[in-house]
1. Quick check on my link table: of B:K177/B:K202; B:K88/B:K177; B:K47/B:K130, which ones sit more than 20 Å apart, alpha carbon to alpha carbon?
2. Full-extension gain between A:L134 and A:F55, please, as 0.36 nm times their residue separation minus the C-alpha to C-alpha distance.
3. Taking a ≥ b ≥ c as the square roots of the Cα gyration tensor eigenvalues, with a/c under 1.5 meaning rounded and otherwise prolate when a/b beats b/c, else oblate, which class fits chain A?
4. When Cβ neighbours within 10 Å are restricted to other protein chains, what is their mean count per residue of peptide A:157-166?
5. Need one number: % antiparallel among DSSP beta bridges in the range B:152-227, to the nearest 5.
6. Within the P(r) computed for the protein assembly as shown, what percentage of the Cα pairs occupies the region above 36 Å?
7. What number, rounded to the nearest 500 deg cm²/dmol, is the helix-based mean residue ellipticity at 222 nm of the protein assembly as shown, given -39500 (n - 2.57) per DSSP H run of at least four residues and division by all its residues?
8. What does the accessible area of A:M1 come to, in Å² to the nearest 10, when a probe of 1.4 Å is used?
Amino acid sequence: MLGQQILSGLATGSVYALTAIAVVVVFRNTRTINLAQGDFGMIAAFLGILFIKEFDLNYYVMLPLVVLCSMALGVLVERIVMRPIADSDWLTLFTATLGVYYILHGAAGWIWGRDTKAFPVTFDAEPVDIFGALISQGHLINMGWAAAIGIVLFFFFKYTKQGIAMRAVTDDPETALLMGIPVRFIVLLTWGMAGFLAAFAGVLLAPIVYVSPEMMDEVLIKGYVAAVFGGLYSIPGAIIGALMIGVAENLAGGYLGSHFKTATAFVMIVVLLTFRPQGLFGIQKRREI
Amino acid sequence: MALLELNDVQASYGAIKALHGVSISVEEGSIVAVLGANGAGKSTTLKAISGAVRPTAGSIVFDGKELNGLTPNQIVKLGIAQVPEGRKIFKDLTVTENLRMGAYSRNDGAAIEEDFDRVLELFPRLGERKTQLGGSLSGGEQQMLAIGRGLMARPRLLLLDEPSLGLAPIIIADIFKTLRLINQEQSTTMLLVEQNANIALKHASFGYVLQVGKVAIEDTASNLRTNKEVIEAYMGAQR
Ligand SMILES: Nc1ncnc2c1ncn2[C@@H]1O[C@H](COP(=O)(O)OP(=O)(O)O)[C@@H](O)[C@H]1O
Ligand SMILES: [Mg+2]
């Protein structure tokens, strides 16, 4: 029972992690929290339904298409909404992402309706037995995808030119510019990456929670809390935060009652920030925001 | 014609005018010094050349090409690299990654590797610290890294903003010896901003003295070394 609770907590946590990573990546290169991060994933989930149901596409054809569309959405938001105000203070940027959040909610409701829809691909209901703990195949697949994405990101940030340049821009955008790094292009890449991560979060969660304009709202909040938990600059911190929140709320839900579930993340963050204001892996903030 | 030519360049930060018409000429293969007190406009001059600050008037011509309106990224591609004031190392990147970022604008993989090895040869201490984070280096090592990062762009013109700032005399001497070597072996042209007039005029062939955003004196380095005004204002109480 305990092992099972932990495993399915890790599965939920891995979807939070995809969101938390995106929150961190966008924050450290733009100084703002992207409130529309969840909705990129929500749009991706609706597109997934569209591609499978209307265009009759196979799941594995749908997935890369949705990822591309979602990256395009991220890039578009940067070009149209964020870039013109890039030099404004963080509150302006933050408010702009809130605007995008409402626009995407509204657009999805207008196009696809407000009622929840089942995602056409559901996983085999037969649970898998892992050392005596039973876990649904959907959860297992989600963890697999999240782990794979985590590994890809690790190599991207450590070994590729654009990945290192993204970190350089986090470190010191003025100097990055002086070294010939096209900072605006790097910020564009950052939003593309946010779209990439959102697509997976949305499509992986869709078979579990049903698809609706609000489907990602709670995930966004948990992902954000996880990002703060990790110190807002650290990807490993965000992942650990997300997994901890996933497990803790699942345990709270299982042992204390389901109405304790949502509150768990907030109790954790309040306790952590009381004792470690810089977050779990907080690094010294070197830019005043 | 000179490699770099600044004609009556003016620049402002909002309402504050920092450059009131600066004209500087740098011959290919030379080391030219720009001296001046704090706030004279030395860094702004370099930033204008790099495209980080947009001149409001005047022209900057590099190798016959007008730089006005180009982005910093395009200017690096043309062959101008900057070693910024205060080193400005990427603190959370390793030494290797810092050097790699200096070559961001290049795509000639094999030649980048060559230059990487060359930089580690010039600054062996960087080689010993390849996997260390930039932020963990000493001031002297950070300055070496900043110069190495600039060299990774394989520049024809290297802009150096106070490379001696805050360093011990032995390390300064060491760094300038290496700069001289780079200048001679690769015929890399250098525009050297310094408050330390002694060391700058020892290595430069020509010098400009900036005062409140204007060139006040210009002469050969040997003449400047004996110029009374320069001695009194900039060579007297050196660190
Ligand atoms: N970012 C900035 N914003 C506003 N004023 C600046 C800025 N940078 C420099 N200045 C002003 O421009 C003038 C020239 O500065 P600078 O070029 O840095 O001088 P130097 O490098 O010779 O010490 C100074 O009066 C300085 O206060
Ligand atoms: Mg200066």
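The values are calculated or read from the model by the stated rules, or taken from the named source; none is laboratory data. Remember, it's a predicted structure, so these values are computed and weren't measured experimentally. Methodologically, a virtual Cβ is constructed for each residue, glycine included, from the backbone with ideal geometry; neighbour enumeration extends over all protein chains shown. Ligands, DNA and RNA are stripped out before the accessible areas are found, and what is left, the full protein with its side chains, is counted by its heavy atoms. Shrake-Rupley method; radii C 1.70, N 1.55, O 1.52, S 1.80 Å.
1. Values: B:K177/B:K202 11 Å; B:K88/B:K177 22 Å; B:K47/B:K130 29 Å.
Check vs 20 Å cut-off fails for B:K88/B:K177; B:K47/B:K130.
2. On the way: separation 79, 0.36 × 79 = 28.44 nm, distance 3.49 nm.
Result for the pair: 25.0 nm of gain on full extension.
3. Values: a/c = 1.65, a/b = 1.24, b/c = 1.33.
It comes out oblate by the Cα gyration axes.
4. Values: counts 0, 2, 1, 0, 6, 1, 1, 9, 6, 0.
The shielding value for this peptide is 3.
5. Taking every DSSP beta bridge within the range B:152-227, about 55 percent pair in antiparallel fashion.
6. Tail fraction, whole percent: 43.
7. On the way: 20 runs with 286 residues, N = 528.
Theoretical 222 nm ellipticity from helices: -17500 deg cm²/dmol.
8. 140
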